[in-house]
Amino acid sequence: MSAATSPPVSPSAVTSAGRLAWLDALRGIGALAVVAEHMLPWFVPSLRPYWFSLGVYGILVFFLVSGYIIPASLERHGDVRAFWISRFFRLYPLYLVVIAVVLALSWWVPVREAVVRDGSAVAAHATMLLDVVGIGGVADTMWTLSYEMVFYLVVTALYLTRGHERSGTWAIVFAVAAVLVGLVASGAVFGGGWPAYVSCAVFVLGLTGVLVGRLRTFSACALGVMAVACLLLSSRVPWLGTAVLAVMFAGTAIYRWERGTGPLWPVAVTGALVVIAPVWAIESGWWWVQADVWLTTILLAAATFAGGMALRGRRLPRILVWFGLISYSLYLVHHPLLRYFVRVSGDLRGEPLAYQLVMTAAALVVIIAVSAVTYRFVEKPMQDLGRRISRRCRGGPQGGGEVRVPGESTGDDRVLRHEERQVPHRVSDDVDQGESVG
């Protein structure tokens, strides 16, 4: 099919740089919110808000962005092998560097107590399925990567079985499941280290099948089933993990609505169900899921995402887009850095407000500087390498399992290539291979 006769491309994919940079701006907002959530209790506790949760707000924005862009990227290129290669080079290099640094400095600042001291921690970190197998990450923020990974595995299975276009339905299914799980489960059904070992074995074997191409669909389905089983049966907070998947599929449903290929009402239904999901958690007294706080946090995250979409045709603040550029680094490195900073500065909670603010500014400068360095020397080179390898895989004899979905064509990709020359580097990554929570 020629470019002239190909179906219209997603409005968010083929317009000006501003209509793609909004994704980075949202990531910047989400990253700064998470940094503030962890910084304020240690540095300026009097300024911490309790009428909504800064941290949950930030990760909800991240999850909506991932839900919006990840399936779109996979469908556009129709190549699961290239997708997973790009994901590995996008996520793992910095992740492994942070793990190495935290372990190397454990003589000074001990590894978190939530990290078990046996082989199950190694298995869980290897797959990133930390939270869904009940294992704490060496950096506190790594728990959210578990749900990113579950989403990737489920989306891959749906894509290869042609069930990926019913995003609204899947959003509602996971939202209903979150409500039901919140009613009956207060924690993991299966504990101990064996879920980490079993999931690691399935992960390695399944992804080998996906990458090599033999039994690709079977392997992807096995991975998807394993991911959902861990989500429901061995995750630390089952209702929350299930609600997160609902939110991510709601992001995909928004993308389909924007393209004119799906309705918007499932997003509203999903949102309403997620609001009432934390039944057990409310009874347990967790402050951030009290009805008013939880509802306010969800509404603020939804309003932020909607605001980003509304402004996608306009020029956005460069500093905000830049924070989105380094958001994965910000997300992963800030918590260990805060622990190191406090070890040097001492407990700041009882200090005068002026001194707290000065130390907060100093810590923020350190975090931003280190994040910029890790992006420049770890993230970006590895992303470039992953992009080159994934492009070779697309052009290889096996094609990575290409499945062109209805409404997509090689003409679409030509338009995207033209537009990528007009957008910043990180936004080009979105068009090329999707994006993560960071």
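Results, tabulated for the structure shown:
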{"item": "Residue count, the range 190-215 (criterion: in contact with a Ser or Thr (Cβ under 7 Å, 6 or more places away or on another chain) and of a type in the set (A, V, I, L, M))", "result": "2"}
{"item": "Within the range 298-389, helices (runs of 4 or more DSSP H) holding 3 or more residues that are at pLDDT 95 or above", "result": "327-345, 353-374"}
{"item": "Options Y147, Y159: the member that is outside any loop (DSSP other than H, G, I, E, B), among the hydroxyl-bearing types (S, T, Y) and surrounded by 24 or more Cβ atoms within 10 Å (Cβ to Cβ)", "result": "Y147"}
{"item": "The range 83-127 - residue that is of a type in the set (F, W, Y) and part of a loop (DSSP other than H, G, I, E, B) and, of those, surrounded by the fewest Cβ atoms within 10 Å (Cβ to Cβ)", "result": "W107"}
{"item": "Selection within the range 162-178 - buried (at least 23 other Cβ atoms within 10 Å of the Cβ) and of a type in the set (G, A, S)", "result": "S167, G168, A171, A175, A178"}
{"item": "All positions within the range 308-347 that are farther than 21 Å from F377 by Cα and in contact with a Leu (Cβ under 8 Å, 6 or more places away or on another chain)", "result": "G308, R312, Y340, V342"}
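The values are calculated or read from the model by the stated rules, or taken from the named source; none is laboratory data. Quick caveat: nothing in here was measured; it's all calculated off a predicted structure. When we count neighbours, we look across all protein chains shown, and the Cβ atoms used for this are built from the backbone with ideal geometry, even at glycine.
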